Amino acid sequence: MNLNLKKGKVIIAFLLLIGLLFMTSCEKSDTNEGAVAATEVSTATKGLTSKTASTAGDIGNGVNLQPSYYNSGNCDLGWTLMKQNTKIKSVRIEVEPGQETNAKRWISEAKLNGFQVIVTYHKSSVLGSDSASELLAAGTWWKNNYNTLGGGFIVNLMNEWGSHNITPSAYASAYNAAIAQVRTVYSGSIIIDIPGWGQETATAACAVKGCTSGQTKITDTKIILSAHIYPGAYNQAKGRYMNTSDIDDLASSGRACILGEFGSIGGSGADWSGIVDYAKSKGWTVIGWAWAGDGVGMNMITPQLQSYVNGSPKTYTKTSYFNTVYNKL
């Protein structure tokens, strides 16, 4: 072999080795950068598409149940049919004070059937009230009943407390006192219905982040703000029916947000369907009104809640309203 040729091959081989090592290093660098980029994309995507986060994990879309006012609360809730419709991941169960015994069974059944459970204190005679003592009574009710009801569910402190007229400071002050009661027995995320029947987004956002100097703010950070959306949803602070900008307004609070109720009946003026779609696009959990227990035609099943008989589940069928909710989940 020619010595010069041999030296040339050695040099070429050496250069190829150096090049290979360089390429490998670059590939590793590219791979690492790609992994970081993928993580960033994944995180960004997660923020847009994942369900509302809570201390119990992401909350799946679902349906409301209001059994307190039928058959004295001794209701069969139609779990067999619900489980066949797999887009339903969570249930929000409204409990009238005095229904604790029945509620314990409702909650237990929901868990056994694999649903994520939200439980709401629902005192029908004071909906929309600005009475701080009523909200504090709800906090005390949770203090006395959370463990009795079996625990292991997400607390929705009170259904639709606070009117269209309440100020951010008054709303925050009342919730600070009520939350303190709940925190004696429960450390998880607390869902808070925003005032004005779930429609005053600006008021709720200001109650969290503060919009005026020295204003009282909600101090607990493990809260989830819940709006309720229907065709008649009206934002009095803005002087108009609700629209998609209200979703952004509530999100400006910096807290997790959900649509704790939505439905297609009740007034007109708000594009309830478009608002639900927009909230979903922002990663909010949406919970339809209602699987059963509504009095004005927004029931997904029929007949209306039948009497519970242990070991003999009742048969239900879907109503014409069923897909109005289900197609949005």
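The values are calculated or read from the model by the stated rules, or taken from the named source; none is laboratory data. Fair warning: this is a prediction, and the values are worked out from it, not measured in the lab. So basically every Cβ, Gly included, is an ideal-geometry build from the backbone, and we count neighbours across all protein chains shown. For the accessible areas, the whole protein counts, side chains as well, though only heavy atoms, and no ligand, DNA or RNA atoms are used. Shrake-Rupley method; radii C 1.70, N 1.55, O 1.52, S 1.80 Å.
Summary of computed values
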{"read-out": "Which listed residue is β-branched (Val, Ile, Thr) and closer than 21 Å to Met158 by Cα, from Ile258, Ile275", "value": "Ile258"}
{"read-out": "Any chance Thr302 is open to solvent by less than 50 Å² (accessible area, probe 1.4 Å) and under 27 Å from Ala110 (Cα atoms)", "value": "no"}
{"read-out": "Unique residue being open to solvent by 30 Å² or more (accessible area, probe 1.4 Å), modelled with pLDDT of 95 or more and out of contact with any Cys (no Cβ under 7 Å at 6 or more places or on another chain) when the list is Arg105, Arg92", "value": "Arg105"}
{"read-out": "Strands (runs of 3 or more DSSP E) wholly inside the range 147-233 containing at least 3 residues that are touching a Ser or Thr at 6+ places or on another chain (Cβ under 7 Å)", "value": "190-193, 223-229"}
{"read-out": "Subset of the range 269-283 (residues that are in a loop (DSSP other than H, G, I, E, B) and open to solvent by 20 Å² or more (accessible area, probe 1.4 Å))", "value": "Gly269, Asp271, Lys282"}
{"read-out": "Residues satisfying the stated conditions in the range 108-126, i.e. in a helix (DSSP H, G or I) and either of a type outside the set (D, E, K, R) or open to solvent by less than 10 Å² (accessible area, probe 1.4 Å) (or both)", "value": "Ser108, Ala110, Leu112, Ser124, Ser125, Val126"}
{"read-out": "Residue match in the range 151-163 (condition: open to solvent by 40 Å² or more (accessible area, probe 1.4 Å) and more than 20 Å from the chain's Cα centre (by Cα))", "value": "no"}
{"read-out": "Members of the range 234-254 found to be within 22 Å of Asn156 (Cβ to Cβ), outside any strand (DSSP E or B) and touching a strand residue (DSSP E or B) at 6+ places or on another chain (Cβ under 9 Å), listed by number", "value": "Met242, Asp246, Ile247, Asp249, Leu250, Ala251, Ser253"}
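A quick yes/no check of all residues on (1) within 16 Å of Glu134 (Cβ to Cβ); (2) open to solvent by 10 Å² or more (accessible area, probe 1.4 Å):
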position	(1), (2)
Ala178	yes, no
Ile194	no, no
Glu200	no, no
Cys211	no, yes
